[in-house]
Every structure is written in C-alpha cells, then in structure tokens.
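Let me give you the structure first, and then I'll get to my questions.
Coordinate-derived values only; no laboratory data. Please read these numbers as outputs of a predicted model, since none were measured by experiment. Cβ sites come from the backbone with ideal geometry, for glycine too, and all protein chains shown count toward neighbours.
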Ligand code: AMP
C-alpha cells in the first residue's frame, strides 16, 4: 500500500495557503497503480449486491465508475448546481467559509437500493455528509462510503454513519 501512497503527489498551498493538497492525478495516470487501487477497493464489495455506486463530482466520478463496472452496478452522479438536466434533489452544506450545494436526480435512486458512495479524498467529511443525507432521503440503503484516501487528522469520518466508512490509504 505504501507504493500507492508514495505515488500521490503533495501540492503545498493549493487551493489556498496552508493546505497540502493530495493530488491523485499522478496515481490515476499510472496504469499499474490505478488498476491496483480499483481492484483493492472493489474487492471489499464483491458479492455485496451493490445496486448503484454514487460518484461525487468530479474525481469521485472516475473512482465510482470504475468500481461500478467491476461490481456490475449502475452509476449515479452527484453534481454541482445547474449541471444535471432533469429534476433534482438539492442539499446545501457548510464549508469552512460559507456554504456549497450538491444535486442528484430525484429518480436516480429507488427506495431500498443498495448504495456504495465513492469519492477520492475524505477531508472534513462535509461533502460526503451531504451526499449521505441526499441518498438517505431518496430511500437508498447505504452500504458504505469509500475513499481512495483519508486525511485522518481532520476526523471527517465522525460526520459519517458509524462503521460505514472505508478508506484505502490513510494520511
Ligand atoms: P471535505 O468535504 O472537507 O471532506 O472535502 C471534500 C472534497 O474536497 C473531497 O472530495 C476532496 O476531493 C477535496 N479535498 C479536500 N481537502 C483536500 C486535500 N487536502 N487534498 C485533496 N483533496 C481535498
């Protein structure tokens, strides 16, 4: 696993001063690392009858789609406002400064469907917390929230359903 951690690039002071940004594009661009990362994540959910994988814009789409393909599941998009064409369900959530909003098509998940949610990095957990709320309000049965990497010092998993958080790489 250390090889996967090592290939993720740290970018200092992005998007603003004081933040160390985990740039996963270096891992995605390496064929062996991308393959290994998806296989290791998908392995946990094989046989778990996942109906749909929800991917969070934008890097969550890449991971979510690859996982869904491996699991024989559908893909659902959670997007920034104004991008989804059909009727949407919206959720606003707090950021460090101000708020942000995410949207999902209101018919993207049917009550009782078994849902895996995927994103690249778990930081403060605000984004995933909002996605969890949306999926639950549509009646989805959340099996897990999975991440390629987790910034443990930000304690994001405390905002998410207990026992339903998995991250492959911990920083
Ligand atoms: P959060 O809501 O704080 O858990 O973070 C939400 C999103 O911001 C995640 O989808 C990450 O893609 C991104 N993010 C936040 N902090 C970082 C970081 N230090 N490095 C890379 N991505 C980050």
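Here's a check for you: in region 43-67, which residue that is in a helix (DSSP H, G or I) and over 22 Å from residue 129 (Cβ atoms) is farthest from the chain's Cα centre (by Cα)? If you could, list the steps in order and put the result at the bottom.
Within region 43-67, the subset in a helix (DSSP H, G or I) is 43, 59-67.
Subset that is over 22 Å from residue 129 (Cβ atoms): 43, 65-66.
On the way: 43: 17, 65: 11, 66: 12 Å.
The residue in question is 43.
Here's a follow-up. Among (1) outside any loop (DSSP other than H, G, I, E, B); (2) surrounded by 15 or more Cβ atoms within 10 Å (Cβ to Cβ); (3) more than 16 Å from the ligand (Cβ to nearest atom), there is one condition residue 149 misses while meeting the rest; what is its number?
Going through (1) outside any loop (DSSP other than H, G, I, E, B); (2) surrounded by 15 or more Cβ atoms within 10 Å (Cβ to Cβ); (3) more than 16 Å from the ligand (Cβ to nearest atom) one by one, residue 149 breaks only (3).
Out of the residues in region 119-139 that are more than 10 Å from the ligand (Cβ to nearest atom) and touching a residue at least 12 places away in the same chain (Cβ under 8 Å), state the one that is surrounded by the most Cβ atoms within 10 Å (Cβ to Cβ). Step through it out loud before you land on a result.
Pass one, region 119-139, residues more than 10 Å from the ligand (Cβ to nearest atom): 132-139.
Those left that are additionally touching a residue at least 12 places away in the same chain (Cβ under 8 Å): 132-135, 137-139.
Numbers: 132: 23, 133: 14, 134: 23, 135: 25, 137: 13, 138: 20, 139: 12.
Per the stated criteria, the residue is 135.
Which of the residues spanning region 84-100 are surrounded by 13 or more Cβ atoms within 10 Å (Cβ to Cβ) and within 16 Å of the ligand (Cβ to nearest atom)?
Listed by number, the residues that qualify are 91, 93, 100.
Right, next: Can we say residue 45 is closer than 22 Å to residue 140 by Cβ, within 16 Å of the ligand (Cβ to nearest atom) and in contact with a helix residue (DSSP H, G or I) (Cβ under 7 Å, 6 or more places away or on another chain)?
For residue 45, the condition - closer than 22 Å to residue 140 by Cβ, within 16 Å of the ligand (Cβ to nearest atom) and in contact with a helix residue (DSSP H, G or I) (Cβ under 7 Å, 6 or more places away or on another chain) - is not met.
Just wondering, is there one or more residues in region 29-36 that are touching a residue at least 12 places away in the same chain (Cβ under 8 Å) and either within 13 Å of the ligand (Cβ to nearest atom) or touching a strand residue (DSSP E or B) at 6+ places or on another chain (Cβ under 7 Å) (or both)?
Scanning region 29-36, I find no residue that is touching a residue at least 12 places away in the same chain (Cβ under 8 Å) and either within 13 Å of the ligand (Cβ to nearest atom) or touching a strand residue (DSSP E or B) at 6+ places or on another chain (Cβ under 7 Å) (or both), so the answer is no.
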